[in-house]
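Notes follow the structure.
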Amino acid sequence: MTNTQVTLVQIDNYGPWTVTPEPRREADLQTLQSRLYADISQFVGNRDGYVFFTRFDNMIAVTNGLSMADHELLQESIGNRYPVTLSLGVATGTNPVQALADATVRIQEAGSAQDRNRREILEGRVIEDAHRSDADVQIAHFDVIDATGNYTDELNAFDSFIEIEQGYAELMRHMRYSHDSLSFFVGGDNVIVVCPDLEKGDYEDAIYHVEETVDVELQVGVGRGASAHDAGFAAKHALETCRADGTRVELDR
């Protein structure tokens, strides 16, 4: 059974800040967002977690192994170096979708995302070390079969992007509503999915659904571990087995 710790990272009062005292240059906002994501990703990654940018003003992290003190330190570090602050909701559960929902409620109950009085909220709970196991996190790493040959070397860059994004969007919907999983595009033709306790048949179902729906062929490696890093690294190795052997689904158990 999995036990995923999820942290919702939300920038406080970000929308109003972007137009106060007047609308800010879009290039400056994009730069701030990318640097903020990079710093949060590095902080969490150094503690074996994963962060996904989603909408940038909201980020989702898998934080197994991070304490509430670690979350406080992240808030302090960002608050000292950026003109914006972060609110964090933390929750755990066997189902990552439910954990995210619980983390979201923690922040929402403290005030609106555009409430100027809400600052650096930290609410929720973490998995104590005594209750952690080597199978708490299940990560699936999907990629497109021969993306270079089928898309990158055949189509212009934007049309390649459309094809890859179609595959990602369909996979994201399917994994969310059929398997209670959270899927994130991480660049190139790669999608990382945070899953509950799924079996090989569930992943076979997913890749064939995407192929039938949007004609994008996927392969996937799956790993488990005590942290997102451990599970993700195992998934990468399983995916390499797919590439070497021509298989579609490999589980590293």
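Structural remarks
- On Cα atoms only, tilt of 157-179 relative to the major axis of the chain in degrees: 80 degrees
- For region 135-142, the Karplus equation 6.51 cos²θ - 1.76 cosθ + 1.60, evaluated at θ = phi - 60°, returns couplings of 10, 5, 10, 10, 10, 10, 10, 9 Hz by residue, with Gly and Pro reported as x.
- Over the chain, accessible surface divided per residue gives 48 Å², non-protein components excluded, 1.4 Å probe.
- Sites residue 131 and residue 247, calculated FRET efficiency, Cβ-Cβ separation with R0 35 Å, nearest 0.05: 0.50
- Using just its DSSP H runs of length 4 or more, each adding -39500 (n - 2.57), the chain gives a mean residue ellipticity at 222 nm of -14000 deg cm²/dmol after division by all residues.
- Helix 200-214 axis, angle to the chain major axis (alpha carbon atoms, nearest 10°): 90 degrees
- Summary value for the chain: 22 percent relative contact order, contacts being C-alpha pairs under 8 angstrom separated by 6+ residues.
- Per-residue ³J(HN,Hα) for region 19-29, Karplus 6.51 cos²θ - 1.76 cosθ + 1.60, θ = phi - 60°, Hz, x for Gly and Pro: 10, 10, x, 8, x, 8, 4, 4, 4, 5, 5
- Sorting 178, 227 on solvent-accessible area from highest to lowest, probe radius 1.4 Å, gives 178, 227.
- Heavy-atom accessible area order for 100, 66, largest first, 1.4 Å probe: 100, 66
- Estimated FRET transfer efficiency (residue 22, residue 116; beta-carbon r; R0 22 Å; 0.05): 0.85
- Between region 203-253 and region 115-179, the alpha-carbon centres lie 13 Å apart.
- Extreme residue, positive dipole direction of the chain, given options 67, 158, 208 (C-beta unit charges): 67
- Packing, taken as the mean count of other beta carbons within 10 Å per residue, orders the peptides 41-49, 202-210, 132-140, 239-247 from highest to lowest as 132-140, 202-210, 41-49, 239-247.
- Within region 58-153, GluC sites (Glu not before Pro) in DSSP loop having at most 11 other beta-carbon neighbours inside 10 Å: 109, 128
- Normalised contact order of region 1-61, rounded percent, pairs of Cα under 8 Å and 6 or more residues apart: 45 percent
- Accessible carbon and sulfur surface of region 1-152 relative to its total accessible area, %, 1.4 Å: 45 percent
- The long axis of helix 96-108 is offset from the longest Cα principal axis of the chain by roughly 20 degrees.
The values are calculated or read from the model by the stated rules, or taken from the named source; none is laboratory data. What you see is a predicted model, and the numbers here were worked out from it, not measured in a lab. Virtual Cβ from ideal backbone geometry, glycine too; neighbours counted across all protein chains shown. Please note that ligands, DNA and RNA were not included when accessible areas were found on the heavy atoms of the full protein model with its side chains. Shrake-Rupley method; radii C 1.70, N 1.55, O 1.52, S 1.80 Å.
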